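The values are calculated or read from the model by the stated rules, or taken from the named source; none is laboratory data. Please read these numbers as outputs of a predicted model, since none were measured by experiment. As a convention, Cβ positions derive from the backbone with ideal geometry for all residues, glycine included, and neighbour counts pool all protein chains shown.
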Amino acid sequence: MMNTRVSFYTIGCRLNQAETAILQQSFKEQGYQVVDVHSPADVIVINTCTVTENSETDTRKLIHKIVRQQPDSRIALVGCQAQLEREALLDMPNVQWVIGNSQKMEFARILRESYADLRPQVLTSVIQRRSFVNPAAGIDRQHTRANLKIQDGCDFFCSFCVIPYVRGRARSRIFDDILKEAEQLALAGHREIVLTGINIGLYSYQGKTLVDVIDALEKIDGIARIRISSIEPSTISMEILERMSQDSKLCRHMHIPLQSGSDLVLKAMRRKYSVSEFSDFIQELYQRVPGVCLGTDVIVGFPGETEEDFERTCHLLSDLPFGYFHVFSYSDRPVARSRIMEPKVAREVIEKRSQVLRELSNRKREYYLERQIGTVQSVLFEQQKAGWWSGLTDTYVRVKVKAAEDLRNQIRKVELKEIIKNGVVGELS
């Protein structure tokens with residue numbers, strides 16, 4: 001297998017990105033030649049997503065593009081869409097393997113055993129509810145920040161969501177295995193670790209919680225920052241806010257999904273909080289963590305969402321101290337409960353409402369950035385492009401500076417000077 005060239009594509013969330021990095025490393029360790037997506041490959045692995053219709057469309061478009069460019073390649077579809085659609089995906093051109101979430105981390109071995117067999121394979125067994133380890137460290141030589149998977153699956157069963165059906169029930173990674181990978185990531189030069197999972201606030205292993213994971217990562221030399229990815233509001237403990245408000249490695253940035261500002265819609269979605277509970281928590285977090293950047297997700301056009309429901313969402317998002325939000329247009333998902341809910345909101349209404357919220361998000365982002373101008377922030381620099389070094393503050397602000405020296409993977413103090421598209425221009429201080 002030494003001469004077998006394998007490339008990887010990722011569609012979807014940060015957890016998928018983390019898993020692709022793990023897969024790449026496991027393939028390298030087992031003797032495969034891992035190449036980038038622009039190079040010819042014998043096998044092309046696509047880590048799929050099925051959260052929205054768009055993500056599934058992206059998979060199909062990507063397959064057709066690959067077949068045009070590399071007609072002799074063989075394609076493996078792994079992950080969430082593979083778990084859900086199974087045999088149907090074998091109708092796509094050049095697709096030979098469909099590997100669900102329960103076995104995708106074993107694909108290096110599966111490929112070795114089946115490479116000479118040209119018959120299609122579908123492996124989508126039931127996902128067992130048990131603690132897990134990862135087969136390799138997700139070292140990512142292309143990025144300074146590394147995603148660290150600590151949890152998978154979800155028990156919440158929100159009515160719009162297919163994730164519990166394709167990822168299984170909530171389960172946590174063995175604590176020592178998390179630390180083992182974190183140490184390897186630090187040795188590889190990653191200075192920021194992003195904690196990822198489906199519902200990371202539910203992390204629980206032999207009495208250890210998310211707070212214990214954070215505390216342990218704080219002690220690892222080389223790790224300068226710990227960032228929490230998207231986390232459910234009902235799972236955030238006060239201990240996390242305490243650590244974020246202190247002089248710690250924990251980034252002052254939280255992405256907390258709202259989904260709707262209407263109690264009626266939240267109830268239909270089977271969310272675990274009311275509007276007032278969510279609002280009170282966001283206000284408390286904002287007061288307790290100076291300078292924190294808060295983001296959220298919102299779904300537009302959930303079945304039964306009235307104009308009044310939408311206006312409530314607009315007002316709530318306007319009033320709460322969010323720095324940005326991601327807007328998702330509702331689409332029916334297979335097996336999700338909401339697919340049978342009525343009445344459906346017209347597609348043109350969803351598009352109009354989505355645009356209203358995207359414009360509001362842009363205004364909120366600009367307002368947040370305006371308040372950063374004149375401050376001095378620590379920036380972790382990632383790359384240089386067209387003479388500009390680009391990096392992120394711990395509050396998730398994209399900063400660009402002009403500098404002759406090599407700033408890659410350095411954390412430097414920068415005075416923020418001027419807002420530009422997608423970020424801020426600063427000067428090294």
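If the condition is being within 25 Å of the chain's Cα centre (by Cα) and polar (S, T, N, Q), then the range 373-403 contributes 377, 378, 383, 384, 390, 393, 395. Residue-level analysis places residue 271 among those that are outside the structural domain of residue 393 (by TED's automatic domain parsing), crowded, with 20+ Cβ neighbours inside 10 Å and basic (Lys, Arg).
Taking the options 119, 141, 109, name whichever one is part of a loop (DSSP other than H, G, I, E, B) and in the same structural domain as residue 53 (by TED's automatic domain parsing).
Being part of a loop (DSSP other than H, G, I, E, B) and in the same structural domain as residue 53 (by TED's automatic domain parsing) holds for just one of 119, 141, 109, which is 119.
Among (1) within 23 Å of the chain's Cα centre (by Cα); (2) surrounded by fewer than 17 Cβ atoms within 10 Å (Cβ to Cβ); (3) within 29 Å of residue 218 (Cα to Cα), there is one condition residue 232 misses while meeting the rest; what is its number? Against the list (1) within 23 Å of the chain's Cα centre (by Cα); (2) surrounded by fewer than 17 Cβ atoms within 10 Å (Cβ to Cβ); (3) within 29 Å of residue 218 (Cα to Cα), residue 232 comes up short only on (2). Taking the criterion of being surrounded by fewer than 16 Cβ atoms within 10 Å (Cβ to Cβ) and either part of a helix (DSSP H, G or I) or within 22 Å of the chain's Cα centre (by Cα) (or both), the residues of the range 338-355 that qualify are 339, 340, 347, 348, 349, 351, 352, 355. Within the range 373-404, the only residue that satisfies the criterion of being of a type in the set (D, E, K, R) and at pLDDT below 95 is 385.
What's the total number of residues in the range 176-193 that are surrounded by fewer than 20 Cβ atoms within 10 Å (Cβ to Cβ) and of a type outside the set (Asp, Glu)? Residues flagged as surrounded by fewer than 20 Cβ atoms within 10 Å (Cβ to Cβ) and of a type outside the set (Asp, Glu) within the range 176-193 amount to 8. Against the test of being within 16 Å of residue 357 (Cβ to Cβ), part of a helix (DSSP H, G or I), of a type in the set (Val, Ile, Thr) and free of Cβ contacts under 8 Å to residues at least 60 places away in the same chain, the options 327, 265, 298 yield a single qualifying residue, 265.
For the range 1-18: of the residues being under 16 Å from residue 107 (Cα atoms) and in contact with a helix residue (DSSP H, G or I) (Cβ under 7 Å, 6 or more places away or on another chain), which is surrounded by the most Cβ atoms within 10 Å (Cβ to Cβ)? In this case the residue turns out to be 6. Please go through the range 278-298 and pick out each residue that is under 22 Å from residue 161 (Cα atoms) and surrounded by fewer than 16 Cβ atoms within 10 Å (Cβ to Cβ). The one that is under 22 Å from residue 161 (Cα atoms) and surrounded by fewer than 16 Cβ atoms within 10 Å (Cβ to Cβ): 297. For residue 34, the requirement of being modelled with pLDDT of 95 or more, within 28 Å of residue 197 (Cβ to Cβ) and under 25 Å from the mean Cα position of the chain (by Cα) is met.
Residue 304 falls short on exactly one of the conditions (1) farther than 30 Å from residue 245 by Cα; (2) among the small types (Gly, Ala, Ser); (3) part of a helix (DSSP H, G or I), and that condition is (3).
May I ask you to say which residue of 58, 36 is surrounded by 15 or more Cβ atoms within 10 Å (Cβ to Cβ) and either without any contact (Cβ under 8 Å) to a residue 60 or more places away in the chain or hydrophobic (A, V, I, L, M, F, W, C) (or both)?
Going through 58, 36 in turn, the sole match is 58.
When the range 1-55 is filtered for residues that are of a type in the set (Ser, Thr, Tyr), out of contact with any Leu (no Cβ under 7 Å at 6 or more places or on another chain) and outside any loop (DSSP other than H, G, I, E, B), the ones remaining, listed by number, are 7, 10, 20, 26, 55.
Can you give me the number of residues within the range 273-306 that are under 17 Å from residue 319 (Cβ atoms) and of a type in the set (Val, Ile, Thr)? Count: 5.
Number of residues in the range 91-138 that are crowded, with 19+ Cβ neighbours inside 10 Å, within 24 Å of the chain's Cα centre (by Cα) and either over 26 Å from residue 61 (Cβ atoms) or not basic (Lys, Arg) (or both) equals 13.
I need the full set of residues from the range 67-88 which are within 24 Å of the chain's Cα centre (by Cα) and assigned to a helix (DSSP H, G or I), in order please. Residues satisfying the conditions are 80, 81, 82, 83, 84, 85, 86. Of all residues in the range 265-317 being touching a strand residue (DSSP E or B) at 6+ places or on another chain (Cβ under 8 Å) and of a type in the set (Gly, Ala, Ser), which is farthest from residue 368 (Cα to Cα)? Among residues in the range 265-317 that are touching a strand residue (DSSP E or B) at 6+ places or on another chain (Cβ under 8 Å) and of a type in the set (Gly, Ala, Ser), the one farthest from residue 368 (Cα to Cα) is 301.
Beta carbons closer than 8 Å, at least 6 apart along the sequence or on distinct chains, never pair a first residue in the range 178-194 that is more than 17 Å from residue 211 (Cβ to Cβ) with a second that is acidic (Asp, Glu) and part of a helix (DSSP H, G or I).
Would you call residue 333 within 23 Å of the chain's Cα centre (by Cα), farther than 18 Å from residue 251 by Cα and crowded, with 19+ Cβ neighbours inside 10 Å? Yes.
Residue 286 falls short on exactly one of the conditions (1) within 23 Å of the chain's Cα centre (by Cα); (2) part of a loop (DSSP other than H, G, I, E, B), and that condition is (2). Residue pairs whose Cβ atoms lie under 8 Å apart, sitting 6 or more positions apart in sequence or on different chains, and linking a residue in the range 128-141 that is of a type in the set (Ser, Thr, Tyr) to a partner that is in a loop (DSSP other than H, G, I, E, B), are 131/174.
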